[in-house]
Structures are given as C-alpha cells and as structure tokens.
Amino acid sequence: MVKSIFRNSLAAFVFFLFILMSCQIKNAETNSLTIYSASSLGDLLEGMIPLFTSEMGIKVVFDLGSSGSLARKITMGAPADIFISADKNWMDFLAKDGHIDNRSLRLIARNILVCIVPAVSQKSVMKPMDLAGLKKISIGDPEHVPAGSYAREALAYYGLWDTLNNGKRLIFAWNVLAVLSHVEQGEAEAGIVYSTEALLSPKVVTAFAFPEDSHSPVCYYAAAISGSRKVRDAETFLIFLESEKFRQALLRHGFILPANGK
C-alpha cells in the first residue's frame with residue numbers, strides 16, 4: 001500500500017515537472033524573437049546573436065535546417081518571426097501565399113559553390129568533369145536544400161546530372177552540414193557545398209569552385225514573417241543584419257557581401 005502511494009506520488013511529481021518545464025519552454029519561445037535560418041549560417045548566428053541580445057535587449061531563439069524544410073514548417077503555422085533562406089526560390093514560395101512581409105525582404109550575403117574532397121583523398125579531382133570518374137558524390141537534396149539545387153544546376157551545366165543521378169552515384173543529404181559529414185567520414189569521395197562549409201573542417205579540402213555561370217547566384221535573403229507579433233523586434237534584427245558588425249562577421253566566416261543590396 002505504501003509502495004503504491006509512493007509510486008503514484010512520484011509519478012505525479014514527475015508529471016508536474018514535465019508540465020512546468022513545458023510551460024517554461026513555451027514562455028521562453030513566446031518572449032523571444034524566433035528565427036528560422038539556413039543551416040549554413042549556423043556558426044555565424046551562434047556568434048552574433050549574443051551580441052545582438054546584449055546590445056538590443058531582445059532575446060532570440062533560432063531553428064536551423066534546410067531552407068525548404070523550414071519554409072514548409074512556416075506554411076504549416078510554425079511560430080517564426082524571421083526567415084533566412086539560402087536562395088530566393090524559398091522566399092518566393094512563402095511570398096506566394098503571403099507568409100512573408102515583402103517590404104522587409106533583403107539580400108544579406110552571397111556565397112560560392114565548391115567541390116570538396118577528403119583531405120587524405122588519393123583521387124584527382126581538379127575540375128567539374130573529373131566528377132564523372134567518382135563512385136559516390138554527396139549533395140544536398142535538391143527538393144529542399146538550396147545547395148543541392150545549385151549543385152543540380154551546375155552538374156546539368158556540364159552534362160553530368162543525368163549520368164550521376166541515374167547511375168545512383170549521388171548521395172542526397174538533409175543539409176550542407178550533412179554533405180560535409182559524408183565527405184569527412186569517407187562515405188563520399190566528393191561533396192558539393194558552399195565555400196564557407198569547406199572552411200569548417202580540416203578533414204576536407206576544396207578541390208575547385210564552380211564557375212558562377214554554371215548555376216544561379218548563391219544568395220541569402222532575410223524577411224519578416226507576416227502576422228508576427230514581434231514586428232518591431234523583427235525589424236530591429238533585420239537592420240542588425242545590415243550593420244557593419246554583422247557584415248564584418250560575414251567576411252570573417254567566408255561569406256561575400258552583397259553589392260549595393262543586390
């Protein structure tokens with residue numbers, strides 16, 4: 001009898017703690033500016049958001065992922081205040097049904113598409129056509145990862161897409177960091193990522209950069225979400241993204257600054 005009462009009391013206490021923690025998490029998210037961002041900006045945001053919070057007094061939580069998966073979450077009602085995409089297509093996807101405030105849309109950075117290989121690789125990969133001789137190449141899933149979409153364009157430009165895709169030589173990854181991991185671990189002989197990802201690991205090296213005319217420009221856009229209850233905080237953060245401090249951080253992380261906001 002005593003044991004039964006003890007078990008019931010313990011269960012009630014655990015349940016109470018769970019409810020309390022859930023409320024605390026929910027309140028933290030409610031009181032914070034919520035940013036959905038392309039995963040390739042993760043390291044940069046982790047370093048800059050504390051600075052933003054200390055200067056502006058605005059708490060921020062952020063969710064990283066592929067631009068496509070995050071955009072779809074927003075269409076399903078996810079409570080985001082700002083969306084940062086690694087391409088314009090997913091911004092257009094949200095704008096079509098009025099999910100973003102078009103007046104707030106701005107280009108904040110550019111990047112370069114590159115091919116990486118393991119640092120210990122014995123393969124000779126120096127140009128796009130050399131990819132034809134590899135058995136496994138990792139790219140982001142083109143259906144929701146902008147880096148994968150750019151990679152598909154570049155491979156098609158060189159007449160390699162059909163051969164590699166139909167030959168099941170492409171490993172589709174959830175995001176660019178997963179592509180980096182595939183190459184680091186030797187699961188792929190090469191990967192196609194942004195130049196900023198190539199700088200993150202000593203286990204990989206950049207084999208070559210794809211010419212700009214082989215794919216759409218790699219551009220990062222930011223915008224406020226329509227219906228956000230934190231309009232002023234969102235605008236403050238968007239202004240911060242264009243500040244000199246943030247621009248310098250972009251350069252330190254290997255990004256390219258947009259020319260005249262275009």
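The values are calculated or read from the model by the stated rules, or taken from the named source; none is laboratory data. What you see is a predicted model, and the numbers here were worked out from it, not measured in a lab. Glycine also receives a Cβ, built like all others from the backbone with ideal geometry; neighbour counts cover every protein chain displayed.
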Could you tell me which residue of the range 133-156 is farthest from the chain's Cα centre (by Cα), considering only residues that are in a loop (DSSP other than H, G, I, E, B) and among the hydrophobic types (A, V, I, L, M, F, W, C)? L134
From D101, D141, D130, which residue is outside the structural domain of P79 (by TED's automatic domain parsing) and touching a strand residue (DSSP E or B) at 6+ places or on another chain (Cβ under 6 Å)? D141
Search result, residues across the range 191-204 that are closer than 17 Å to D87 by Cβ and outside any helix (DSSP H, G or I): I192, V193, Y194
If you take just the helices (runs of 4 or more DSSP H) that sit entirely in the range 13-128, which of them hold at least 1 residues that are β-branched (V, I, T) and modelled with pLDDT of 95 or more? 42-56, 67-75
The condition from (1) under 23 Å from H253 (Cα atoms); (2) aliphatic (A, V, I, L, M); (3) touching an Asp or Glu at 6+ places or on another chain (Cβ under 6 Å) that I58 misses is numbered (1)
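Matching residues to (1) farther than 15 Å from P128 by Cα; (2) of a type in the set (V, I, T); (3) touching a Gly at 6+ places or on another chain (Cβ under 9 Å):
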| position | (1), (2), (3) |
| --- | --- |
| L155 | no, no, no |
| K168 | yes, no, no |
| W174 | yes, no, yes |
| Q185 | yes, no, no |
| V193 | no, yes, yes |
| L199 | yes, no, yes |
Test for V183: is it surrounded by fewer than 18 Cβ atoms within 10 Å (Cβ to Cβ), of a type in the set (V, I, T) and over 20 Å from L44 (Cβ atoms): no
Within the range 230-256, residues closer than 15 Å to D101 by Cα and touching a residue at least 12 places away in the same chain (Cβ under 8 Å) come out as K230, D233, A234, E235, T236, F237, L238
Single condition A188 does not satisfy, out of (1) farther than 24 Å from I256 by Cβ; (2) in a helix (DSSP H, G or I): (2)
Can you run down the residue pairs with Cβ atoms below 9 Å, 6 or more apart or on separate chains, where the first is in the range 133-162 and more than 16 Å from L177 (Cβ to Cβ) and the partner is modelled with pLDDT under 95 and among the polar types (S, T, N, Q)? G133/S124
Can you pull out the residues in the range 191-204 that are crowded, with 18+ Cβ neighbours inside 10 Å and either without any contact (Cβ under 8 Å) to a residue 40 or more places away in the chain or under 20 Å from I256 (Cα atoms) (or both)? I192, V193, Y194, T196, E197, A198, L200
So how many residues does the range 150-175 have that are in contact with a helix residue (DSSP H, G or I) (Cβ under 7 Å, 6 or more places away or on another chain) and among the small types (G, A, S)? 2
When you scan the range 237-256, how many residues do you find that are buried (at least 16 other Cβ atoms within 10 Å of the Cβ) and closer than 24 Å to F93 by Cα? 3
Can you find a residue in the range 116-123 that is farther than 10 Å from Y221 by Cα, polar (S, T, N, Q) and in the same structural domain as K203 (by TED's automatic domain parsing)? yes
When the residues of the range 157-185 are narrowed to those that are in a loop (DSSP other than H, G, I, E, B) and among the hydrophobic types (A, V, I, L, M, F, W, C), which ends up nearest to S39 (Cα to Cα)? W174
Restrict the check to the range 205-215 and report whether at least one residue is buried (at least 21 other Cβ atoms within 10 Å of the Cβ) and not in a strand (DSSP E or B). yes
